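One structure is given here, and the rest of the page talks about it.
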Amino acid sequence: MADYLVSEIAQVLGRAIIRKDVPVRNLLYDSRRINSPEDSLFLAIPGERHNGHDFINDLYTKGVRNFLLSEDRDFANSFPQANFIFINNTLEALQNLASWHRNKFNIPVVAITGSNGKTIVKEWLYHVLEAECNIVRSPKSYNSQVGVPLSLWLMCSEHNLGIFEAGISRPGEMEKLRKMILPETGIFTNIGEAHQENFAGLKHKIQEKLRLFYSCHTIIYCKDHELLHQTILEDENLRNVSLFSWSEKDDAPMRIVKTVKIHGHCTIMAISGGKKYTVEIPFSDNASVENAMHVLAFLVQSGRFSSNNAKQFSSLPPIAMRLELKKGINNCTIINDSYNSDINSLAIALDMLRVQSQHGGKTVILSDLYQTGMNEETLYKRISGLLSEKEITGFIGIGAALLRNRHLFKVPSRFFSQTGEFINGFNPASFQNEAVLIKGSRKFEFEKISSLLEEKKHRTRLEINLNALVENLNFYRSLLNENTRVMVMVKALSYGSGSYEIASVLQYQRVDYLGVAIADEGVALRNAGITLPIMVMNPEPESFDLMIRYRLEPEIYSFPLLSAFSMAVARNQEAGYPVHIKIDTGMNRLGFQENETDELKRFLKESRNIVVKSVFSHLAASDDKAHDEFTRMQISLFEKFTTVLQSMLDYTFIRHILNSSGIERFGSAQFEMVRLGIGLYGFSPLYQPKLRNVSTLKSTILQVKKVKANDTIGYGRAGKTGNNITIGIVPIGYADGLNRKLSNGSGKFLVNNKMVPVIGNICMDMCMIDLTGTDAKEGDDVIIFGDDYPMTKLAEQLGTIPYEILTGISERVKRVY
């Protein structure tokens, strides 16, 4: 990150009033996103809806002291402790500042443009190269006239590779981005109709985007995009640029010779310069495969391909698309997509809709699409074809253009001229046990439709970041030997995060086993389309027939249970049914003990209708160094027990003893499988900084009110005011899982980046917080725990562990994925 005195910046940009020469490290353009006010420079950029100059007073109050302005409203006199730099055009000044900063570094820089896939290619390049390079890259999708300079500002002397994405919406913009980025290598992902309205046609848009590469040494692109390939060959400004294309059809510097798609994964085989390259990615949709090929092409062209980064392809993370997955009415699943309104993003969203295998029906609610550059008939004929190709069972079109073209749609359809017409005729009974994709342009206000279809309207919500969960899974996989299998525990509603939703992601990521607590949890997963092997940790004899019917595999921890299940298997006329033998190595909970080894061997050897799938035990204190000797004793006893048992059977079984902290601290005891639990959700005694928070519990301020001094608040008049205070009422209480021990100052929540205490006793459905000294207002978010206020802090306040907090969150709290 840059670090300059404000006087240095003023010398680069223009006239200034400097009261105190201080360092500037952060460029701030959104008044709502203040992290470090004392070393930030606010860029007052006038926009279509808001003018940054209107927020100077608010920012000054919050501690910002450095401002870049294009309007002088006597700010210098109004704010006597602030520094001001005055220029004619704030945006141009930002870009000039970024160019000045960029020119201080001589490192290889990759620039990525195209219609789709820019962010994914950037993030996947980072993923495969981060172990060997110190990379600076665009955060999120920062690819605009504002986003690019803010990205370049992050560059510093420690970096040895830069990866930046660039997007445009009108002619002339790309030249400005090129002068800032100065890329050495360019990647052109693909070309499509998004943001077409300001260009004469696709070729014109390609020509404008190619301006990014006029000073490049090499361009990487797919030769199979014929218009792109031809336009590159025709551009006189690219005559001296080396072209490295890849193709699945023709000869090219990198030829894709084969792709094999199995169970949601794809193996890509390529040849370049007489060498063969093979990588496997955890996706099989066409867009992901194309994005991976761009990444592979860069590695091959730059000579960076190695066995180490080739392995990283297998753990490529899914990149957030701003899709929200929510539970809907009548056992529906709602996918709310407000990311893009073009045909390419629709195709990607439809792929996510198809993954919802827990439902037979798939319905799409779509508004008119704007700015596509296509005539109506061509556009909606293509959309109709997509719906048929993706096996959509129902379609609802909203908008005048869709209504005009209703004759093009083959799937069962309904059409409305506007959103209000659909809402007025809404019948909840018409949506039953189906997955519903809601995708509309902003003017159609489809959030109203989403609200109608959501099952729960409770303002308190648990947000689960599935991308973070997958990153944590991949981190733990990186600690394992190549052939070690992974069982993931999804008991207790996946530690409160949701049952099917988490299991579906884990199945897509090809974990080896799931673990649940009781048979009902396993049955629910089977009914939702989960086909992975599932171990039931606490089976009951009354559920054995049900378990066999749904192919659930029991933990067996005693002879009565072993005998009862063996009889159930015989009764159901099964043979060789898998079971998991639990042994007690010192936890003194469930499990066979060492003195029962001989009898257990005899029973298993004589049994013909069951087969031991795995033998396992549970570590009592693997997270505590003080008990390491005891843990090693448990591992040693486990190894001894399983060796003896294995010698008596004529087949092999899987062994597993390590839990999350065991994976971290006792890697030599991985055996054939490990069990991942709380670590998946971001909690670790050893690697906490390397894990991402998965769950954020949020609520909302319902009401703000003034309370006079010496008054009381809440039940039992437990909250007492010494002075006049401001309180907020929040709709979360102990019925939602908020522990009552957090009452009256013991607990604190995060509101607008400030910690505020609970005041008074926590009620069943709500609580009160002290907002005195904050600028909080009704409707503001209240963070009970999340990225900026870890659950571990809350656990410390309660004297408990994150497990108890997560699993205690009521099912009435809405889960948003």
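The values are calculated or read from the model by the stated rules, or taken from the named source; none is laboratory data. Just so it is clear, the model here is predicted, and its values are computed rather than measured. Ideal geometry is used to build each Cβ from the backbone, glycine not excepted, and the neighbour counts take in all protein chains shown. For accessibility, only protein heavy atoms count, side chains too; no ligands or nucleic acids. Shrake-Rupley method; radii C 1.70, N 1.55, O 1.52, S 1.80 Å.
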Which listed residue is modelled with pLDDT of 90 or more and within 19 Å of the chain's Cα centre (by Cα), from Ile281, Ile268: Ile281
Matching residues in the stretch 181-229 - criterion: being at pLDDT 95 or above, open to solvent by less than 50 Å² (accessible area, probe 1.4 Å), of a type in the set (A, V, I, L, M) and more than 17 Å from Met293 (Cβ to Cβ): Ile181, Leu210, Leu212
Hey, any hits in the stretch 723-730 for a residue that's of a type outside the set (Asp, Glu), in a strand (DSSP E or B), closer than 22 Å to Val505 by Cβ and open to solvent by less than 40 Å² (accessible area, probe 1.4 Å)? no
Residues that are open to solvent by less than 60 Å² (accessible area, probe 1.4 Å) and closer than 25 Å to Asp512 by Cα, drawn from the stretch 632-650: Gln634, Ile635, Phe638, Phe641, Thr642, Leu645, Gln646, Leu649
Conditions (1) modelled with pLDDT of 85 or more; (2) under 15 Å from Leu369 (Cβ atoms); (3) surrounded by 15 or more Cβ atoms within 10 Å (Cβ to Cβ) -> Ala400 fails only (3)
Can you pull out every residue in the stretch 622-646 that is closer than 14 Å to Lys601 by Cα and touching a Lys or Arg at 6+ places or on another chain (Cβ under 9 Å)? Thr642, Val644, Leu645, Gln646
Conditions (1) open to solvent by less than 20 Å² (accessible area, probe 1.4 Å); (2) part of a loop (DSSP other than H, G, I, E, B): number failed by Ser746: (1)
Condition broken by Ser647, with the remaining ones in (1) under 15 Å from Phe616 (Cβ atoms); (2) out of contact with any Ser or Thr (no Cβ under 7 Å at 6 or more places or on another chain); (3) part of a helix (DSSP H, G or I) satisfied: (1)
Could you figure out which of (1) of a type outside the set (Lys, Arg); (2) modelled with pLDDT of 75 or more; (3) crowded, with 22+ Cβ neighbours inside 10 Å; (4) part of a helix (DSSP H, G or I) isn't true of Asp520? (3)
With (1) among the β-branched types (Val, Ile, Thr); (2) in a helix (DSSP H, G or I); (3) within 25 Å of Asp780 (Cα to Cα) as the list, and Ile663 as the residue in question, which single condition is left unmet? (3)
Tally the residues that are assigned to a helix (DSSP H, G or I) and either in contact with an Asp or Glu (Cβ under 8 Å, 6 or more places away or on another chain) or buried (at least 17 other Cβ atoms within 10 Å of the Cβ) (or both), restricting the search to the stretch 804-817. 2
Taking only the stretch 581-631 into account, find how many residues are open to solvent by 80 Å² or more (accessible area, probe 1.4 Å), more than 19 Å from Met648 (Cβ to Cβ) and either in contact with a Cys (Cβ under 9 Å, 6 or more places away or on another chain) or outside any helix (DSSP H, G or I) (or both). 3
So the check is Cβ under 6 Å with 6+ separation or different chains; which pairs have a first residue in the stretch 788-813 that's under 18 Å from Gly679 (Cβ atoms) and a second one that's part of a loop (DSSP other than H, G, I, E, B) and not small (Gly, Ala, Ser)? Ala795/Ile801; Pro802/Phe683
Report, by residue number, each residue of the stretch 749-775 that is open to solvent by 20 Å² or more (accessible area, probe 1.4 Å) and small (Gly, Ala, Ser). Gly773
Are there strands (runs of 3 or more DSSP E) fully within the stretch 381-496 with at least 1 residues that are charged (D, E, K, R)? List them. 413-416, 434-439, 461-464, 485-489
Would you check if Thr700 is at pLDDT 90 or above and surrounded by fewer than 19 Cβ atoms within 10 Å (Cβ to Cβ)? no
Answer residue from the stretch 230-245, given it is within 24 Å of Ala270 (Cα to Cα) and assigned to a helix (DSSP H, G or I) and is least open to solvent (accessible area, probe 1.4 Å) among those: Ile232
Look at Asp736 and say whether it is surrounded by 15 or more Cβ atoms within 10 Å (Cβ to Cβ), more than 30 Å from Ser684 (Cβ to Cβ) and under 25 Å from the mean Cα position of the chain (by Cα). no
